[in-house]
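J.: This is the structure I want to talk about, given as structure tokens.
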Amino acid sequence: MANLSLQDANTSSADKENINIVFIGHVDAGKSTIGGRILVDTGMVDKRTLEKYEKESKELNRESWYLSWALDTNMDERAKGITVECGRAYFETAARRFTILDAPGHKNFVPSMISGATQADIALLVISARKGEFETGFEKGGQTREHVTLAKTLGVKRLIVVVNKMDDPTVQWSKDRYDEIVEKLSPFIKGNGYNLKTDVTFMPISGFTGQNVKEPISKEVCAWWFGGPALLPFLDTMPSPDRKYDAPLIMPISDKCKDMGTIVTGKLDSGCVAKGDSLVVMPTKQPVEVVAIYLEDLEVAKARAGDNVRLKLKGGEEEDIQTGFVLCDAANPVKAASSFVAQVAIQNIRNIMAPGFRAVLHIHSASEDVTLAKLESVLDKKTGQPAPKKPMFARQGDVVVAEFSLDRPVCMEPFDECGQLGRFSLRNEGVTIAIGKVLRVL
């Protein structure tokens with residue numbers, strides 16, 4: 001995007017509402033290709049660059065991958081056709097500005113997917129309609145299931161399910177295939193806490209050809225969806241997410257680098273920030289000053305809740321600020337704790353969970369080793385009340401109240417006070433084993 005002056009930025013792109021979309025789904029469902037298609041259709045990738053990608057992908061015998069290269073910029077990702085890091089890109093429509101977070105689909109890179117989902121307002125769940133590919137992604141062990149569960153746990157309230165590759169020779173825009181996928185997915189999505197009527201939208205598309213992405217589909221291509229919404233117009237007219245503009249500033253740090261000062265990246269969960277503001281980094285209580293604010297490549301004077309920003313800070317050395325720390329108002333610092341009590345639903349564990357059990361805690365953008373210190377109670381599934389007998393261990397399917405301890409303090413808040421800093425997932429041996437919410441910070 002061309003560099004604009006501070007004044008130009010503030011009167012154009014920066015005034016639009018920002019929506020953060022994470023692309024999730026099983027490996028090879030077409031997430032990066034759809035992202036690339038959107039960037040092309042919204043003019044964010046010029047014709048010359050696109051022709052260059054087409055030429056280079058042909059030379060590697062990877063002709064169908066050229067669109068994904070707009071997001072997969074790492075040469076290793078391009079060679080293997082697998083997203084490893086969480087790609088980031090921007091596009092604008094007439095009414096809104098969007099940040100794309102292109103999450104990896106491979107199970108080895110779920111921590112990167114979590115990092116993208118923590119910053120998202122909407123999840124675009126990409127499903128491959130190609131024969132065999134939907135089944136692989138949705139079977140036990142496929143990433144479709146884990147990604148839906150994690151999106152809900154990480155606070156993504158809205159789900160758009162795009163059934164991709166509808167143009168594939170094994171599908172040919174078949175209504176039966178589309179209906180079969182919707183029918184199989186719906187109970188699982190509902191079981192994760194999404195309301196199918198208000199929180200979830202299904203639509204058929206082809207990311208590679210661009211059908212039903214920018215322009216509504218023609219009657220000749222797909223008569224049964226004719227008149228239904230296309231992806232980009234739908235994104236433009238969706239209800240706005242709830243924003244806490246007047247609340248104290250909270251910005252979990254999702255990335256950092258050094259460039260004539262310390263630069264941190266993240267989404268403003270609440271509040272506003274302006275150039276010159278004095279803030280504090282928790283849990284270290286490091287005072288910092290905001291020297292510059294960047295939205296995409298534009299420098300702006302201020303940003304507000306929902307914006308995905310880069311902030312240049314003065315006062316803290318780069319090594320003193322870590323991913324997972326939280327930038328907040330000096331007068332209203334978030335809590336930080338080495339132990340906490342939480343309600344945890346155990347979903348996927350081989351044996352049992354007993355005091356001393358170790359896992360990795362993913363909470364907002366932080367990722368830390370955690371130990372189960374003690375089990376306080378098992379909750380009755382029907383009544384939600386604690387069972388009278390204190391448990392010795394917990395197993396799959398149990399919902400428990402337990403105390404956990406961390407090796408070092410992590411920023412968190414009780415879920416009832418701040419959902420974004422109070423919900424978490426536990427992972428062990430490369431699998432999400434439990435989801436939970438913080439009840440008390442000790």
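J.: Can you spot the lysines whose alpha carbon is less than 22 Å from Lys302's alpha carbon? Ignore those fewer than 8 places along the same chain.
T.: Correct list for Lys302: Lys16, Lys244, Lys256, Lys258, Lys267, Lys275, Lys312, Lys314.
J.: Now for a different question. Give me the accessible area per residue for region 220-264, probe 1.4 Å, as a whole number in Å².
T.: 54 Å²
J.: Share of region 293-410's accessible area from carbon and sulfur, percent, 1.4 Å?
T.: Percent of accessible area from carbon and sulfur atoms in region 293-410: 48.
J.: In whole Hz, what ³J(HN,Hα) sequence does region 361-368 give by Karplus (6.51, -1.76, 1.60; θ = phi - 60°), x for Gly and Pro?
T.: 8, 10, 9, 6, 9, 8, 9, 9
J.: Each residue of region 418-432 in order: what ³J(HN,Hα) in whole Hz does its phi give by Karplus 6.51 cos²θ - 1.76 cosθ + 1.60, θ = phi - 60°, with x for Gly and Pro?
T.: 7, x, 5, 9, x, 10, 8, 10, 10, 10, 8, 6, x, 10, 6
J.: Multiplying the sequence separation of Asp176 and Asn192 by 0.36 nm and subtracting their Cα-Cα distance, what value in nm do you get?
T.: Length difference between fully extended and current span is 3.3 nm.
J.: Once the other residues with Cβ under 12 Å from the Cβ of Cys418 are scored (Lys, Arg +1; Asp, Glu -1), what is the net sum?
T.: 0
J.: Let me ask something additional. Under a cut-off of 26 Å between alpha-carbon atoms, report the lysines in cross-link reach of Lys131, not counting same-chain residues fewer than 8 places apart.
T.: Lys31, Lys58, Lys80, Lys107, Lys140, Lys165, Lys175, Lys184, Lys190, Lys214, Lys219
J.: Report the local net charge at Lys214: Lys and Arg +1, Asp and Glu -1, summed over other residues whose C-beta lies under 12 Å from its C-beta.
T.: -2
J.: Quick check: pseudo-label points 7 Å beyond the Cα along Cα→Cβ at Met260 and Ala331, how many nm apart are they?
T.: 3.2 nm
J.: Also, quick follow-up: Using the heavy atoms of the protein chains alone and a 1.4 angstrom probe, what is the accessible area of region 267-353 per residue in square angstrom?
T.: 40 Å²
J.: Counting other Cβ atoms within 10 Å, keep those with at most 12, restrict to DSSP loop, and tell me which trypsin sites (Lys or Arg not before Pro) in region 262-303 are left.
T.: Sparse-neighbourhood loop trypsin sites (Lys or Arg not before Pro): Lys285.
J.: State the extension gain, in nm to one decimal, for the chain segment bounded by Gln385 and Ser218, taking 0.36 nm per residue of separation less the distance between their alpha-carbons.
T.: Once the chain is fully extended between Gln385 and Ser218, it gains 54.7 nm.
J.: Which percent of the accessible area of region 153-291 is formed by carbon and sulfur heavy atoms (probe 1.4 angstrom)?
T.: 54 percent
J.: In whole angstrom, note down how far apart the Cα centers of region 126-189 and region 389-411 are.
T.: Rounded to whole Å, the Cα centres lie 32 Å apart.
J.: Taking the mean number of other Cβ atoms within 10 Å as a proxy for protection, how do you rank 351-357, 406-412, 385-391 from highest to lowest?
T.: Ranking, from highest mean packing down: 406-412, 351-357, 385-391.
J.: Per 0.36 nm of contour for each residue apart, how much would the distance between Arg408 and Asn351 grow if the chain were fully extended, relative to their Cα-Cα spacing?
T.: Difference between extended and current length: 17.8 nm.
J.: What lysines sit close enough to Lys374 to cross-link, taking a C-alpha to C-alpha distance under 27 Å and skipping anything fewer than 8 places away on the same chain?
T.: Lys152, Lys335, Lys382, Lys389, Lys390, Lys437
The values are calculated or read from the model by the stated rules, or taken from the named source; none is laboratory data. Keep in mind the model is a prediction, meaning the values are calculated, not measured. As a convention, Cβ positions derive from the backbone with ideal geometry for all residues, glycine included, and neighbour counts pool all protein chains shown. Areas reflect the complete protein model, heavy atoms only, side chains present, ligands, DNA and RNA absent. Shrake-Rupley method; radii C 1.70, N 1.55, O 1.52, S 1.80 Å.
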